[in-house]
Amino acid sequence: MLSYLLIFFAALVFALGGTPFMRRVALRTGIIDQPAARKVHATPIPMLGGVAIYGAVCLALLLFSDRFFAAQMASILLGATWVSFFGLWDDRWGLSASLKLLAQAVGALILMATGVMVQLPIPMGANWLLTMLWVVGITNALNLLDNMDGLSSGAGAVAALFFLLLAAVSGQYLVGALAAALLGACLGFLLYNFNPASIFMGDTGSLFLGFMLAALGIKMRFPANVPWVTWMIPLLVLVVPLFDTTLVFFSRLRRGKNPLTTPGKDHLSHRLVARGWTRREAVLLIYLVGCLGGAVAIFVSVADASAAYTVAAATAAALLGWLMWFLNGEG
């Protein structure tokens, strides 16, 4: 537990100090997000906050993590670095969606090549496919979620917190250390990113955050429970980005739009604001949804199969109802 605290506070301090520095770098190099019709900010906002998040996580782990887990930690950080590099490229010069997807697929292959992959009691080929879909899906979900001040960083912090709690209870040091670093870095960055934001994380940060959370979901193990129960836990912890992506995907398909390349104000946060919530209230409500998903995940991790599936089914029904309410409200 002391190691987790050291990693958390180190990442927090590095992010608190690194974010304003990267803001100055972004202003000097012109890496700035300009206002547009599909965006909610009305003034230019510097990006590169993701570089501060990335640096804070890596430095904290380098200084205070257990060297016994260095090989697996390095493989996860290597994949995350690869994906973040393409995010930085996109922030500076722009990049096509197809090339970003290809980069994420290569990142997933890096994980699988080092043994970080889904390991359900199903054929190996299916596990490889699930790993690819999970990594690319969650990485993009966090990228899509980054559409309002403090949303992706705060939701990422909530998910990292619950991964940390689950890891601490089940004695999984690698997941706990990575989650502690992510939590500290996200909270340190969030101080500058919460409404009104003075800096954005950009694709550098959102892709890094999504990739890391996807890897944490894969690495979680619950030896005291059975795989046909525990597979639900990462889905529940990451309920916010999964719900938002599902909502946007089906909404755009219904309107005849490409769900992967069509930008717009059709995310969960935008819809809440359109229904009268302030931007801060909408973001805080989404944090709460993430906390509820994490709480259900903790229950499922210790419950027997019947109780776990009953609670998970009730949660899924509630989310489906919320999804249909938003979709039917489109007219």
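Within the stretch 6-15, none of the residues are in contact with a strand residue (DSSP E or B) (Cβ under 9 Å, 6 or more places away or on another chain) and either closer than 28 Å to residue 177 by Cβ or at pLDDT 95 or above (or both). Being over 18 Å from residue 285 (Cβ atoms), free of Cβ contacts under 8 Å to residues at least 60 places away in the same chain and among the polar types (S, T, N, Q): is that true of residue 127 here? Criteria met by residue 127.
Every residue, every condition in (1) within 22 Å of residue 157 (Cβ to Cβ); (2) in contact (Cβ under 8 Å) with a residue 12 or more places away in the chain, yes or no:
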position: 56; (1), (2): yes, yes
position: 70; (1), (2): no, no
position: 76; (1), (2): yes, yes
position: 86; (1), (2): no, yes
position: 91; (1), (2): yes, yes
position: 102; (1), (2): no, no
position: 112; (1), (2): no, yes
position: 116; (1), (2): no, yes
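Among the residues of the stretch 104-129, which ones are among the hydrophobic types (A, V, I, L, M, F, W, C), crowded, with 18+ Cβ neighbours inside 10 Å and in a helix (DSSP H, G or I)? Correct list: 108, 110, 111, 112.
Name the residues in the stretch 94-103 that are surrounded by 15 or more Cβ atoms within 10 Å (Cβ to Cβ), in contact with an Asp or Glu (Cβ under 9 Å, 6 or more places away or on another chain) and aliphatic (A, V, I, L, M), would you? Across the stretch 94-103, the qualifying residue is only 95. For the stretch 156-188, the set of residues classified as out of contact with any Ser or Thr (no Cβ under 7 Å at 6 or more places or on another chain), of a type in the set (A, V, I, L, M, F, W, C) and closer than 16 Å to residue 66 by Cβ consists of 164, 167, 168, 174, 175, 178, 179, 180, 181, listed by residue number. Taking the stretch 278-313 as the range and being of a type in the set (A, V, I, L, M), touching a Leu at 6+ places or on another chain (Cβ under 9 Å) and within 12 Å of residue 232 (Cα to Cα) as the test, the residues that pass are 296, 297, 298, 300, 312.
Okay, residues lined up against (1) surrounded by 24 or more Cβ atoms within 10 Å (Cβ to Cβ); (2) out of contact with any Gly (no Cβ under 9 Å at 6 or more places or on another chain); (3) free of Cβ contacts under 8 Å to residues at least 40 places away in the same chain:
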{"site": "163", "(1), (2), (3)": "yes, no, no"}
{"site": "192", "(1), (2), (3)": "no, no, no"}
{"site": "219", "(1), (2), (3)": "no, yes, no"}
{"site": "231", "(1), (2), (3)": "no, yes, no"}
{"site": "254", "(1), (2), (3)": "no, yes, no"}
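Based on what the data block shows, is residue 261 under 26 Å from residue 51 (Cα atoms), at pLDDT below 95 and not hydrophobic (A, V, I, L, M, F, W, C)? So residue 261 fits the description; yes. Are any of the residues in the stretch 167-177 without any contact (Cβ under 8 Å) to a residue 40 or more places away in the chain, surrounded by fewer than 20 Cβ atoms within 10 Å (Cβ to Cβ) and hydroxyl-bearing (Ser, Thr, Tyr)? Taking every residue of the stretch 167-177 in turn, none turns out to be without any contact (Cβ under 8 Å) to a residue 40 or more places away in the chain, surrounded by fewer than 20 Cβ atoms within 10 Å (Cβ to Cβ) and hydroxyl-bearing (Ser, Thr, Tyr).
Restricted to the stretch 130-161, and to residues that are without any contact (Cβ under 8 Å) to a residue 40 or more places away in the chain and crowded, with 21+ Cβ neighbours inside 10 Å, which residue is farthest from the chain's Cα centre (by Cα)? Looking at residues that are without any contact (Cβ under 8 Å) to a residue 40 or more places away in the chain and crowded, with 21+ Cβ neighbours inside 10 Å, I get 136.
The values are calculated or read from the model by the stated rules, or taken from the named source; none is laboratory data. Because the structure is predicted, anything quoted here is derived from the model rather than measured. Cβ atoms come from the backbone with ideal geometry, glycine included; neighbour counts cover every protein chain shown.
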